[in-house]
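The structure appears right after this line, and notes come after that.
Values in this text are rule-based calculations from the coordinates and carry no lab data. This structure is a prediction, so every number in the text was calculated from the model and none was measured. Neighbour counts run over all protein chains shown; Cβ positions are idealised from the backbone, glycine included.
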Amino acid sequence: MQAYLLPIGLLTLSNLFMTTAWYWHLKYKATPLLMVIGISWGLALFEYCLAVPANRFGSSVYSAAQLKTIQEVITLIVFAGFSALYLGQPISSNTAIGFALIAAGAWFIFRG
């Protein structure tokens, strides 16, 4: 069971870092762009340190397509929370429907 859950946990943590790297600066538009890029690269380093092992470990129980699908679904979930909690921009009903359709596509990847 750990072989199935460890990659999901690592991908979740990596997505927290990556989402932060991509979007934290939207609240700090006065911060110089080069500084934002440097800080974001630093955050992305931690993302890579988690995502690479997640995919390495996960490849023993998931296909590459399944790993990518897991990562994308986690990204949407993390982004929705980040957008609402940090940016103060809740997900609209149209966005939720779009995310649900992407999740429905993920069902096809895993259905066997």
Worksheet entry | the chain: relative contact order in percent, alpha carbon pairs under 8 Å with at least 6 residues between | 34
Discussion item. Per-residue counts of other Cβ atoms within 10 Å, averaged by peptide: what ranking do you get for 68-80, 86-98, 39-51, 9-21, highest first?
Written reply: 9-21, 68-80, 39-51, 86-98
Discussion item. Between region 5-41 and region 81-112, how far is it from one alpha carbon centroid to the other, in angstrom?
Written reply: 19
Worksheet item: Under a plain spin-label model, where a point goes 7 Å from the Cα along Cα-to-Cβ, how far apart in nm are SER59 and TYR23?
Response: 3.0
Practice prompt. Would you mind listing how long region 2-110 runs along its three principal axes, going by Cα atoms, in whole Å with the largest first?
Written response: 45, 34, 18
Discussion item. Expected output is a single nm value to one decimal: the length gained when fully extending between GLN66 and GLN2, i.e. 0.36 nm times separation in residues minus the C-alpha distance. What is it?
Written reply: 21.4 nm
